[in-house]
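A short write-up of the structure that comes next.
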Amino acid sequence: MRFVTIAVLLLPAALIAQTRDSCIQCHSSMDGEIQKPALLIKDDIHYANGLSCADCHGGDRTSDDPSVAMSPAKGFVGAPKRTAIPQFCARCHSDPNFMRRFKPQQRVDQFELYKTSVHGQRLAKGDENVATCIDCHSVHDIRAVKNPAAPVYPTHIPDTCGRCHADAQRMAKYGIPTDQLAQYRTSVHWADLKNGDLAAPTCASCHGNHGAKPPEVSSVAAVCGNCHVLFAQNYDKSVHAPIFSGAEGGGGCIVCHSNHGIHPPSTAMLAGPQAVCSKCHEPDTPGGKTAAEMAQWIDGLGAALNHSDAVLTQADQAGMEVSDAQEKLSDGREDLVKARLAMHLFEPEEMHKPIEAGMDVAAETLRAGQEALHEKNVRRIGLAISVFFIAVTVFAIWLLIRRLEVGGSGYIEPSSRNP
């Protein structure tokens, strides 16, 4: 049964907002918890669009008589049962005709998705401990998703999910770890999000939002591949893909990169005391040696490019024209990225191609920088020599002038001599 009145469906939002609302007036005059809804609703997206208490809870908001305003005959239901909340919200949010009046582009299948989620499936079995709409979106002060104050704004999503999933007592009955939020806050994804990249992955990016589910073992690489497309494609062609597809506890990308605590990749993952390759390949085995060789290639190219960049920067600061070489250096950086990408194929020959191309760029740009610095030195030497000869010339002219001045001081004109 829908409790939205015919007036709400027909009148403009601005006019609805101006109508009498005894619910807000009455609750505003109260104290404590019962007053909070009237205070919070002023920041609510529904209220901003002309909807109010009675549109969700039913009743007659035009009456000052509590028995009438909260009359079951008027459709008043009060607070819904927790297990009924998703369907309660879906009365409007699953109705495309109703939603079109307010936000035509918004999806209307959230409830259907929720029923497929782990949360929805457990709620249907009577588990009231799981998340419903109000646990993520709040209750009386629901804000638009794009509102920075909303609990589901990208920067707030980890904390919103963490309210339940970082609660050891709440998760105890499910046997779910509670360190996901702490791990995520160490990840490169969280660092990007904090730095203002709202496209950086959050919980919902990998698990979904209304249809939230843990990525299954067979789909982990596909989940990561939504963003890291080329890496996933290379991994699917690698020898590791079929080996780890059925790995216990998860497969694919998380075998090497983990899941929630994903750190920036480095060659330390390939070789060294913290190498993930060493979990399967001993350092002196063919696999271990190949991993170490790939690490050496990447580090070598990175160091070569950095050295060339330093020389070019020095030449540029000295006023030399090295813009072409600096632009060329970006090709080498791209080769380094290609090498890291090709590494996921785990075929050394394919990885070595961009390494060689990048080393050629590093050598070429280094020569350009060194030649520019050499030309700078030549110019300085030439300038110094020129300045020296100019100084000598100026000194010689000065001596000549002095000599003329001294010689001229003893000269007497004939007309001034004595007879």
- Message: Please verify whether S330 is touching a residue at least 60 places away in the same chain (Cβ under 8 Å) and in a helix (DSSP H, G or I), treating the condition exactly as stated.
- Response: no
- Item | When residues of segment 33-45 are limited to those that are touching a residue at least 24 places away in the same chain (Cβ under 8 Å) and touching a helix residue (DSSP H, G or I) at 6+ places or on another chain (Cβ under 7 Å), the one nearest to A149 (Cα to Cα) | I41
- Query: Wholly within segment 1-43, which helices (runs of 4 or more DSSP H) include no fewer than the required count, namely at least 2 residues that are crowded, with 17+ Cβ neighbours inside 10 Å and at pLDDT 50 or above?
  - Reply: 22-28, 36-40
- Enumerate the pairs (first residue in segment 240-259 and over 16 Å from P214 (Cβ atoms) and of a type in the set (V, I, T); second residue anywhere and modelled with pLDDT under 75 and not in a loop (DSSP other than H, G, I, E, B)) with beta-carbon separation below 6 Å, excluding pairs fewer than 6 apart on the same chain, so at least 6 apart or on different chains. none
- If we ask which residues in segment 69-94 are free of Cβ contacts under 8 Å to residues at least 12 places away in the same chain and small (G, A, S), their number turns out to be 2
- Query: Would you pick out the residues in segment 150-166 that are over 20 Å from P177 (Cα atoms) and free of Cβ contacts under 8 Å to residues at least 24 places away in the same chain?
  - Reply: A150, P151, Y153, H156
- Query: Among the residues of segment 329-343, which ones are surrounded by fewer than 18 Cβ atoms within 10 Å (Cβ to Cβ) and of a type in the set (D, E)?
  - Reply: D331, E334
- Message: Quick check on my filter: what residues within segment 361-401 are under 22 Å from D331 (Cα atoms) and free of Cβ contacts under 8 Å to residues at least 24 places away in the same chain?
- Response: R367, E371
- Among (1) at pLDDT 90 or above; (2) closer than 29 Å to V130 by Cβ - the single one V77 does not satisfy: (1)
- Mind checking whether some residue in segment 275-296 is surrounded by 14 or more Cβ atoms within 10 Å (Cβ to Cβ), more than 30 Å from G208 (Cα to Cα) and acidic (D, E)? yes
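The values are calculated or read from the model by the stated rules, or taken from the named source; none is laboratory data. What you are looking at is a predicted structure, and each value in this text was computed from that prediction instead of being measured. Every residue, glycine among them, receives a Cβ derived from its backbone with ideal geometry; neighbour counts consider all protein chains shown.
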